[in-house]
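No lab work stands behind these numbers, since they all come straight from the coordinates. Note that this is a predicted model, so its numbers are computed, not measured. In this analysis, Cβ positions are derived from the backbone assuming ideal geometry, glycine residues included, and neighbour counts consider all displayed protein chains.
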Amino acid sequence: MIAELGHFALILALAVALFQTVVPFVGAQLNDSRWMETARPAAVAQFGLIGLAFAALTHAFVTSDFSVALVYQNSHTAKPLLYKFTGVWGNHEGSMLLWVLILSLFGAAAAVFGTNLPPRLRARVLAIQGAIGVAFLAFILLTSNPFIRLVDAPFNGQDLNPLLQDPGLAFHPPFLYLGYVGLSMAFSFAVAALIEGRVDAAWGRWVRPWTLTAWMFLTIGIAMGSWWAYYELGWGGFWFWDPVENASFMPWLLTTALLHSAIVVEKREALKSWTILLAILGFGFSLMGTFIVRSGVLTSVHSFANDPKRGIFILGILAVFVGGALTLYAARASTMQARGLFQPVSREGALILNNVALAVSAFVVFIGTVWPLVAEMIWGRTLSVGEPFFNKAFPPFMIALALILPIGVILPWKRGKLSRVIRPLRPAMIFTAAVGVLVYAVSTGNSALAVIGAGLGSWLVAGSVVDLWQRTGSGGFSRLSRLPRADWGRVLAHGGLGVTFIGISLMLAWQVEDIRVAKEGDSFDVAGYSLTLAKVDKIEGPNYISQTATIEVAKDGRPLATLYPEKRIYPVQGMPTTEAAILNGVWRDIYLVIGDPQADGGWAVRSYVKPFANWIWAGALLMALGGLTSLSDRRYRVAAGAARRSRAQMAPAE
């Protein structure tokens, strides 16, 4: 009965979304305030109905209701309770329900917190959000219904994919979807502005909080996925240029460009066309990621489904919304005239270079991701584009971005002189040079990556400190606490990017890997650490059988820790997984993996020492914290100030 209630709630949500699409939009065209106001309760009602459906599906998983086909296919009575919850979105149908739940959450948030938006703009934004909801609710009900019943309920289920039975996967998809789907708000604002025929400073202020929110969650989601791959898959890496990893990275790059471009619209009323285009493309790449994950056109450990029919449906949604938006963009291009003039050497000029680097890097990732598909479709050839391509084609643009960023943030608007900017950056240059020399001095072998990466990261961090100090003016330390939170947020985000640069470059350049066969009681040295395989025990978990190694770690004769890497088998699915054991540290990780038993009675053991590994995710968290800090600035809380100043300007002439 509860499952049927969830199914009925989805059908009602589709009807409400259709109402939310049509009535407020017509009201905006007719300037009928009563019709426009219906958008707000409709958006809240849609969120409530989809939330009810999601709760019904969650109940089915938690209570192990195997009469629901989706629960039977993705759960088991012996599965821990946490993974019964995560099983809700650890599959195609449930993850799509989470997708539309978050979509409706953003629509409801705009309805509740967007009271200061001009009524016609708000009505159109919510109508476009409703239209996206109609498309995806129809997709779920017609192709991916999560509430289908089985005629005869089985006694037990088939269990969840063992790779997904991990705490990191409890939070990674929701955060990633909050970023992915949150880009729909920037898209809706862009299309509403095109219909309105007005893109000005107030619009730039209004769209930034929603874009920043999506960017923040997307940053956290990508970082959590990277961290999960690092410790769960047992490969010892944090990024593999997997097609689905790329599918989330491309929108992140474009959204980062959009954030910086919206600043120019807000401050100088320039780059209007470019900003609108980035908003459309950002959400377009988000939809493309949904297509890649669910169509089966590209294989990945992250894929949810391999159904071409579903892929065609999503491709149709992509064509309608992105194609329609780009058509409208082309028709309205002449109305988006830039007002603010500026010289090439200015903050606007630096932000343009920033945007170019980010957009081209996203295009490079796109080419590397879809080229195998294109080659197979056109020429019938099976090609593989992997890490070597991305490692050569992508870094130059990130190097350019890192070089420009500290200079651009302290350049004045409209026009500036490099000589005046270089002067306050001299301490940052000296610090960067000192770090480069230090890294080179302690490096052995191929040290170019370490020197360049650590130097660029130090340049970003030091440049952020200089930027912060420049904002204090003559007030010095006493003014730091009075700086706007948006300034602190920018500094944290840019500094976090620098920390991530340092972590990636030094880990890749300095990591040590050791692969060997060891017997119980054997000791061996790896990068100055002494490792002893004390024993290997067979342990039964709640729904798996584990071969758990006990490895003692010591340095200079002093015990540091005892680690327990595992090799698990999940009997229901017959699938093995590797559970790495990691001794985390600020300056290095010791990463241990136990492999298969060998014929001579030994065990395959892989050991890594990974310097600065945790700096990668610490930098990502700093970037996300920077976004959150900026959002807490009252100037960016749904742009209330801009709304009061510009309500009359945004209202179209009658």
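List of remarks:
- Prolate/oblate/rounded label for the range 395-455 (Cα gyration tensor, a/c 1.5): oblate
- Local charge for V466 was computed over the other residues whose Cβ lies under 12 Å away, with Lys and Arg +1 and Asp and Glu -1, and equals +2.
- Computed magnitude of the charge dipole of the chain (debye, nearest 20; Cβ of K, R +1, Cβ of D, E -1): 3260
- Alpha-carbon spread of the range 32-119, three principal axes, descending order, Å: 55, 20, 18
- Spherically averaged projected area of the convex hull of Cα atoms, the range 128-275: 11.7 nm².
- Calculated FRET efficiency for the pair K417/D633, C-beta based, R₀ 30 Å, to 0.05: 0.50
- Model label points for I399 and L5, set 7 angstrom from Cα along the Cα-to-Cβ axis, are 6.1 nm apart.
- Phi-based couplings in Hz for the range 183-192 (Karplus 6.51, -1.76, 1.60; Gly and Pro marked x): 5, 4, 5, 4, 4, 5, 4, 5, 5, 4
- Where a label projected 7 Å from the Cα of T63 along Cα→Cβ would reach, residues of the range 140-171 with amide N under 16 Å: 147-150, 153-154
- Between N116 and D525, the modelled label-to-label distance comes to 6.5 nm, taking each label 7 Å out from Cα in the direction of the beta carbon.
- Summarising the label geometry, the points placed 7 Å from Cα in the beta-carbon direction at M429 and L480 lie 2.5 nm from one another.
- Taking 0.36 nm per residue of separation and subtracting the current Cα-Cα distance, fully stretching the chain between N584 and L141 would add 155.0 nm.
- Counting only lysines at least 8 places from K555 when in the same chain, those with an alpha carbon closer than 30 Å to its own are K519, K535, K538, K567, K610.
- Expected 222 nm ellipticity per residue - DSSP helices of 4 or more, -39500 (n - 2.57), all of the chain, to 500: -21500 deg cm²/dmol
- Ordering of 389-396, 483-490, 173-180 by burial proxy (mean other Cβ atoms within 10 Å per residue, highest first): 173-180, 483-490, 389-396
- The length gained on full extension between Q337 and I378, counted as 0.36 nm times the residue separation minus their Cα-Cα distance, comes to 10.7 nm.
- P(r) tail, the chain: Cα-Cα pairs separated by more than 46 Å, 22% of all pairs.
- Annotation: lysines with alpha-carbon distance below 21 angstrom to K272 (same-chain offsets under eight excluded): K414.
- Once the chain from Y440 to V572 is taken as fully extended at 0.36 nm per residue, the excess over their C-alpha distance is 42.4 nm.
- Positive minus negative residues near A135 (Lys, Arg vs Asp, Glu; Cβ under 15 Å): +2
- Placing +1 on the Cβ of every Lys and Arg and -1 on the Cβ of every Asp and Glu, with nothing else charged, gives the range 178-281 a dipole about its Cα centre of roughly 400 debye.
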